[in-house]
Amino acid sequence: MNIYIAEFIGTALLILLGSGVVANVVLPKTKGNDSGWIVITTAWALAVFVGVVVAGPYSGAHLNPAVTVGLALAGKFDWALAPGYILAQIAGAAIGAFLSWLVHIDHFKATQDPGEIAAPFATSPAIRNLKNNFISEVIGTFVLIFVILYITGAEIADESKTPIGLGSVGAIPVAFLVWVIGMSLGGTTGYAINPARDLGPRIVHQLLPIRGKGSSDWSYAWVPILGPIVGAALAAGLYAMVGF
């Protein structure tokens, strides 16, 4: 499989299942309605597992521009591949969100709350304080990237020389990592920790003709884009100072 196609499909699966669990919990009249934060964080972790299993052998399974940038800054990933990876991730995230909307279309129609409609597409803060929201995304992503670098030792062990990524960590460990970040640090902003996860679906929310959907809140969108990139850069910098 082409590395960019792998990133596209892996990220699409990640967002289909991640957006899907938010829709299942938040939207009215689903069988999972109001089942809570543990369901959301658990399903997001398992969604990462699914994306890594599919994309890992081919692209390394970054599935996240912050992972791509962090590994490139650490000198463990070729910058020349980064633009293609990031575009594939954003496009895959958009397709995943669109498919989630198709699955839950009747339930989107059944809600009158713009916030509930927006929730499966993009993150939003529990308390809107852009400075603190930004810090939350920086810290959450820092933990993600720093731990990935330490688990892998930032080395590629297989003979195929697959680019390093979440797949080098292993699907199960990285799922647990995302799970604990969500449960421990995710309640403030919804833990995007992934610019593609927020940007692609937010674009889809903007474009879809959903009645009563309200604003796509582009004034907040920079937080889940820049916060993860800064967190990844800090993780790569600290790893370079104290890592292997």
Legend entry - From 96, 92, 70, residue being within 16 Å of the chain's Cα centre (by Cα), modelled with pLDDT under 95, in a helix (DSSP H, G or I) and not β-branched (Val, Ile, Thr): 70
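Hey, can you tell me all the residues within the range 212-244 that are of a type in the set (A, V, I, L, M, F, W, C) and either without any contact (Cβ under 8 Å) to a residue 12 or more places away in the chain or in contact with a strand residue (DSSP E or B) (Cβ under 6 Å, 6 or more places away or on another chain) (or both)? Write out each step before concluding.
Of the residues in the range 212-244, the ones of a type in the set (A, V, I, L, M, F, W, C) are 218, 221-223, 225-226, 229-230, 232-236, 238, 240-242, 244.
If the condition is that a residue be of a type in the set (A, V, I, L, M, F, W, C) and either without any contact (Cβ under 8 Å) to a residue 12 or more places away in the chain or in contact with a strand residue (DSSP E or B) (Cβ under 6 Å, 6 or more places away or on another chain) (or both), then 222, 241, 242 are the ones that fit.
Per-residue answers, yes or no, for (1) surrounded by fewer than 18 Cβ atoms within 10 Å (Cβ to Cβ); (2) farther than 30 Å from residue 212 by Cα:
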| residue | (1), (2) |
| --- | --- |
| 45 | no, yes |
| 49 | no, yes |
| 66 | no, yes |
| 71 | no, yes |
| 80 | yes, yes |
| 95 | no, no |
| 101 | no, no |
| 115 | yes, no |
| 118 | no, no |
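Let's see how each residue does on (1) over 22 Å from residue 142 (Cα atoms); (2) modelled with pLDDT of 95 or more; (3) not charged (D, E, K, R); (4) not in a helix (DSSP H, G or I):
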{"residue": "1", "(1), (2), (3), (4)": "yes, no, yes, yes"}
{"residue": "5", "(1), (2), (3), (4)": "yes, yes, yes, no"}
{"residue": "12", "(1), (2), (3), (4)": "yes, yes, yes, no"}
{"residue": "16", "(1), (2), (3), (4)": "yes, yes, yes, no"}
{"residue": "19", "(1), (2), (3), (4)": "yes, yes, yes, no"}
{"residue": "22", "(1), (2), (3), (4)": "yes, yes, yes, no"}
{"residue": "30", "(1), (2), (3), (4)": "yes, yes, yes, yes"}
{"residue": "57", "(1), (2), (3), (4)": "yes, no, yes, no"}
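Can you tell me which of 227, 237 is over 18 Å from the mean Cα position of the chain (by Cα) and assigned to a helix (DSSP H, G or I)? Steps first, please.
Details: 227 fails: over 18 Å from the mean Cα position of the chain (by Cα).
One residue alone meets the criteria, 237.
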Legend entry - Filtered residues of the range 103-113 (kept if within 19 Å of residue 214 (Cα to Cα) and modelled with pLDDT of 95 or more): 104, 105, 106, 107, 108, 109, 110, 111, 113
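The values are calculated or read from the model by the stated rules, or taken from the named source; none is laboratory data. The structure displayed is predicted, hence computed values, not measured ones. Quick reminder, even Gly has a Cβ in these numbers, built from the backbone with ideal geometry, and neighbours come from all protein chains shown.
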